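Accompanying notes for the structure given below.
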Amino acid sequence: MIKEPILKLALSVYNNQGVYALLLGSGISRSAGIPTGWEITLDLVRKLAALQGEKPEPDPDSWYRKKYGKAPEYSILLDELTNTPSDRQALLRSYFEPSEEEREQGLKVPTPAHRAIAKLIQLGYVRMILTTNFDCLLEHALQEIGIEPYIISTEDDLKGAMPYVHTRCYIIKLHGDYLDTRIKNTPEELADYSEELNGLLDRILDEFGLMVCGWSGEWDTALRNAILRTPNRRFTTYWLARGTPTEEADKVIGHRRAEVIPIESSDQFFTDLLEKLKALEKLEQPHPISTAMAVATVKRYVPEPHHRIRLHDLIHEETELVYERLSSGKFETTLPSISKEEFQKRMHLYEGVVERLMAMLTALSYHDDGANMHILNRCVERISKQARHSGLVALIDLQRYPALLLTYSSGISSLAAQRFENLAAVLLKPTFYDEIDRVEKPLVQKVHPWSVFRNGSEKWVPLENADRRYTPVSDYLADQLRPALRDYLPDNRRYEETFDLFEYLTALTYLDLTGNLWSPIGSFGRRHKSSWDRSPMYKFILEIEKNKYKHPLLQAGFFNGSCDRLLELASKHLKWLKEAVRGWW
């Protein structure tokens, strides 16, 4: 049982990416020296009293009410103290924007908490912010790392506002922005929200979990009521408390069944949360020793028939663990947008999740004599299943990247050992269920570089000059898989030849199973465009032609065991390939 609430929170945020909204109050900006709206109002009362030669202390609020017969209002005070919009902005900036001296002291600039929250948004863990603050410190922290948030701060902004599902970061400034005189400040102004804002809050509070920080719940009646009228508790609410929660906060905590987490400060908490999430990301990378032990166990089980069940269970358990991780919230596809850097980060996350399983299947493909080919087939099919079918197309397609890694690594390993039955298990036999046509189709139709990466995402692979390469994904895979296959193909030239041959056989298998003229072009298309008759692919076809149906590739079931079928496809493919790569250099 997890005893530290922050660890439970970190795990929940990690596994439910984008599910938690932040509710931030004035406490989040306290260490930056930003006054609350009420503190500003009282200071404006003091300035007004000074202009009249009066002393409002010790209670400026009571002085104003007695003199004017009503509560002090932010906008009215500004009108009394300034004559023009420029005067008004100059007065307000003194409360929210730093002087040179304040900047040197680290005041009125983004705090460690603001910067940690900005990083959480950049990493995709948070994208919805509710705040009662008037300042722009969070916006500044986001702009520092190149993120422009979508901001709702007035009733006008609510009209025709972009749906939050289509934004990367949505900030709702519930009480307004300091540059707008319509901010909500007095108890009367904080007592109720408009119908439009209440409707938006109802949806958000129903659909998101909450992390509440720096908000006492004491003065904001309308916000408190919005939370209390929302019945949903599908996601946990975490109340980050510095000290004892107020009586009003306790009502909210009880209603949401919130978990209270004592914190020293918002700076400490959000910095700590960010570090814990980064640590969880690192844990996804299998420890080298655990991977080496898993591979050694596979090698020990493979030659012994009496270990057949143990081998099955070992790989099955790892496969299910990988599938569970791939189905977690951190691989959400319904994001409003994604940057090149975020796309590459997700690629690396996938690589980390599948690394140990890939090493195990690579060893199995190389050492097994075909007795356990069904394990390879089942594993590739299982990992190829997409957990999500809606959202950004690039992220939906990228869900098949782990299956692509398994197919390439196991297929190349099988070729290196001339284990053609194992090659068939990962390249020829896996299928997927087409939801539209309602039939089983060859998995090679969907799991190849041009399908997993398309519509420009192929230029985003983390490879130098990827945007100027003809086969950037294949080039990246060749580099990425080299360490995993070094034990089986230590010679670099031999590795390159085997890699090219695997991609070539993938193209021919694709042609054979789909009946299309087009087929995925691998690195071989660029590498051998002018020297095909000296390529490993040409030599391989000659070898099969010499042995005909006796060749183990055909005996493993490729091309229906027909040499004539293979030669026909190879001829058509070569003719098409020469046209396809004509302009390549």
Could you please let me know if ALA116 is aliphatic (A, V, I, L, M), within 23 Å of the chain's Cα centre (by Cα), over 26 Å from SER390 (Cα atoms) and outside the structural domain of ILE338 (by TED's automatic domain parsing)?
yes
Being surrounded by 15 or more Cβ atoms within 10 Å (Cβ to Cβ), free of Cβ contacts under 8 Å to residues at least 24 places away in the same chain and in the same structural domain as MET162 (by TED's automatic domain parsing) is true for just one of ASP267, ASP250. Which residue is that?
ASP250
Here, helices (runs of 4 or more DSSP H) confined to the range 500-571 with at least 2 residues that are modelled with pLDDT under 95 are 523-527, 536-547
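Table: residues versus (1) in the same structural domain as SER265 (by TED's automatic domain parsing); (2) closer than 25 Å to LEU138 by Cβ; (3) touching a residue at least 24 places away in the same chain (Cβ under 8 Å); (4) in contact with a Lys or Arg (Cβ under 6 Å, 6 or more places away or on another chain).
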{"site": "ALA10", "(1), (2), (3), (4)": "yes, yes, yes, yes"}
{"site": "LEU23", "(1), (2), (3), (4)": "yes, yes, yes, no"}
{"site": "ILE28", "(1), (2), (3), (4)": "yes, yes, yes, no"}
{"site": "VAL45", "(1), (2), (3), (4)": "no, no, yes, no"}
{"site": "LYS55", "(1), (2), (3), (4)": "no, no, no, no"}
{"site": "LYS70", "(1), (2), (3), (4)": "no, no, no, no"}
{"site": "LEU78", "(1), (2), (3), (4)": "no, yes, yes, yes"}
{"site": "GLN89", "(1), (2), (3), (4)": "no, yes, yes, no"}
In the range 95-109, which residues are outside any loop (DSSP other than H, G, I, E, B) and surrounded by fewer than 13 Cβ atoms within 10 Å (Cβ to Cβ)?
GLU100, GLU101, ARG103, GLU104
For ILE338, state whether it is in contact with a Leu (Cβ under 8 Å, 6 or more places away or on another chain), crowded, with 19+ Cβ neighbours inside 10 Å, assigned to a helix (DSSP H, G or I) and touching a residue at least 40 places away in the same chain (Cβ under 8 Å).
no
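A quick yes/no check of all residues on (1) of a type outside the set (Val, Ile, Thr); (2) surrounded by fewer than 13 Cβ atoms within 10 Å (Cβ to Cβ); (3) over 25 Å from LEU406 (Cα atoms):
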position: TYR495; (1), (2), (3): yes, no, no
position: THR506; (1), (2), (3): no, no, no
position: ASP512; (1), (2), (3): yes, no, no
position: ASN516; (1), (2), (3): yes, yes, no
position: ARG526; (1), (2), (3): yes, no, no
position: LYS529; (1), (2), (3): yes, no, yes
position: PHE540; (1), (2), (3): yes, no, no
position: GLU545; (1), (2), (3): yes, no, yes
position: LYS548; (1), (2), (3): yes, no, yes
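Looking at this structure, is PRO462 over 19 Å from LEU423 (Cα atoms), surrounded by fewer than 21 Cβ atoms within 10 Å (Cβ to Cβ) and in contact (Cβ under 8 Å) with a residue 60 or more places away in the chain?
Here the answer is yes, as PRO462 does meet what is asked.
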What about PRO490, is it free of Cβ contacts under 8 Å to residues at least 12 places away in the same chain and closer than 17 Å to ILE412 by Cβ?
yes
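Could you list, in sequence order, all residues of the range 225-240 that are surrounded by fewer than 20 Cβ atoms within 10 Å (Cβ to Cβ) and either within 23 Å of SER29 (Cα to Cα) or hydrophobic (A, V, I, L, M, F, W, C) (or both)? I'd like the intermediate steps shown before the answer.
In the first step, residues of the range 225-240 are kept if they are surrounded by fewer than 20 Cβ atoms within 10 Å (Cβ to Cβ); the result is 225, 228-236.
The answer is LEU228, PHE235.
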Could we say that ILE309 is in a helix (DSSP H, G or I), surrounded by fewer than 21 Cβ atoms within 10 Å (Cβ to Cβ) and either among the β-branched types (Val, Ile, Thr) or on the phi > 0 side of the Ramachandran plot (or both) here?
yes
For the range 465-474, give me each residue that is surrounded by fewer than 16 Cβ atoms within 10 Å (Cβ to Cβ) and closer than 17 Å to ALA394 by Cα.
ASP467
Those residues of the range 380-434 that are more than 20 Å from PRO552 (Cα to Cα) and aliphatic (A, V, I, L, M) come to a total of 13
Which of the residues belonging to the range 380-402 are among the hydrophobic types (A, V, I, L, M, F, W, C), farther than 15 Å from LEU428 by Cβ and in a helix (DSSP H, G or I)?
ILE383, VAL393, ALA394, LEU395, ILE396, LEU398
Going through the range 77-91 in order, the residues found to be of a type in the set (A, V, I, L, M, F, W, C) and in contact with a Ser or Thr (Cβ under 9 Å, 6 or more places away or on another chain) are LEU77, LEU78, ALA90, LEU91
In the range 101-144, the residues that are basic (Lys, Arg) and farther than 23 Å from THR36 by Cβ:
LYS119, ARG127
Residue within the range 560-567 that is aliphatic (A, V, I, L, M), free of Cβ contacts under 8 Å to residues at least 60 places away in the same chain and surrounded by fewer than 20 Cβ atoms within 10 Å (Cβ to Cβ) present
yes
Sort out which residues of the range 20-71 are in a loop (DSSP other than H, G, I, E, B) and within 22 Å of ASP87 (Cα to Cα), and write them in order of number.
ILE34, PRO35, THR36, GLN52, GLY53
Going by the conditions given, is TYR350 surrounded by 17 or more Cβ atoms within 10 Å (Cβ to Cβ), touching a strand residue (DSSP E or B) at 6+ places or on another chain (Cβ under 6 Å) and hydroxyl-bearing (Ser, Thr, Tyr)?
no
Among (1) farther than 27 Å from ASP192 by Cβ; (2) among the polar types (S, T, N, Q); (3) in contact with a Ser or Thr (Cβ under 6 Å, 6 or more places away or on another chain), the one test that THR246 misses
(1)
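Please verify whether LEU130 is in a loop (DSSP other than H, G, I, E, B), in contact (Cβ under 8 Å) with a residue 24 or more places away in the chain and out of contact with any Asp or Glu (no Cβ under 7 Å at 6 or more places or on another chain), treating the condition exactly as stated.
So LEU130 does not fit the description; no.
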I'm trying to understand the selection: among the residues of the range 568-585, which are crowded, with 18+ Cβ neighbours inside 10 Å and of a type outside the set (A, V, I, L, M, F, W, C)?
HIS573
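The values are calculated or read from the model by the stated rules, or taken from the named source; none is laboratory data. Computed from a predicted structure; not experimentally measured. Glycine also receives a Cβ, built like all others from the backbone with ideal geometry; neighbour counts cover every protein chain displayed.
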